[in-house]
Amino acid sequence: MANVEILFLLVAAILMPLPYITEAAEHVVGGASGWIIPLDNPSLYSSFAATTTFRVNDTLVFKFKTGVHNVVTLSQKHFESCNVSDAMESFNTSPAIITLNRTGEFYFACAFPSHCSLGQKLSINVIAGGSSSLTPSEAPSPPPPHSRAPTLFAVTVPVLLMAVATNLLFHSN
């Protein structure tokens, strides 16, 4: 009987963290419009940022016409003044996929002349893990194939550990 109690405790300890394992969300910047100069909708990117929860390991997908737009990451100071000449990173090919790898503020803009000052810029705040929320305007898209690996690993390891524990507990003399 003691073996059954030990097995129960082992299974409970292994399965406890599973509800906290989440997959990263993919956010398409600008939704169906993509990464454009938002002349018809000046609040396109600020509304997107205000209605979306961004978490560490989520990805931003910037879809734009290569050669007409790009994406640069900026400091807050350069973002506010649209000084795109001091970019930290530059993404010139669409789609630009950027993983949000830390908490805090991120600042993006298009570095083509006047695009930032015409509203093609985005600032977001990234918070720690958990599930991301989708805005009503975002159509759910399947996660990229590589994002399924952490979940597969998180499920496979506990199952293997349970099999080993069962073998040890019930087949030992």
Sole residue being open to solvent by 50 Å² or more (accessible area, probe 1.4 Å) and under 14 Å from residue 100 (Cβ atoms), chosen from 26, 80 = 26
All positions within segment 37-67 that are open to solvent by 60 Å² or more (accessible area, probe 1.4 Å) and under 20 Å from residue 113 (Cα atoms) | 39, 40, 41, 42, 63, 65, 66
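The values are calculated or read from the model by the stated rules, or taken from the named source; none is laboratory data. In this text, all values refer to a predicted model and were calculated from it rather than measured experimentally. Virtual Cβ from ideal backbone geometry, glycine too; neighbours counted across all protein chains shown. Heads up: the accessible areas ignore ligands, DNA and RNA and are worked out on the full protein's heavy atoms, side chains in. Shrake-Rupley method; radii C 1.70, N 1.55, O 1.52, S 1.80 Å.
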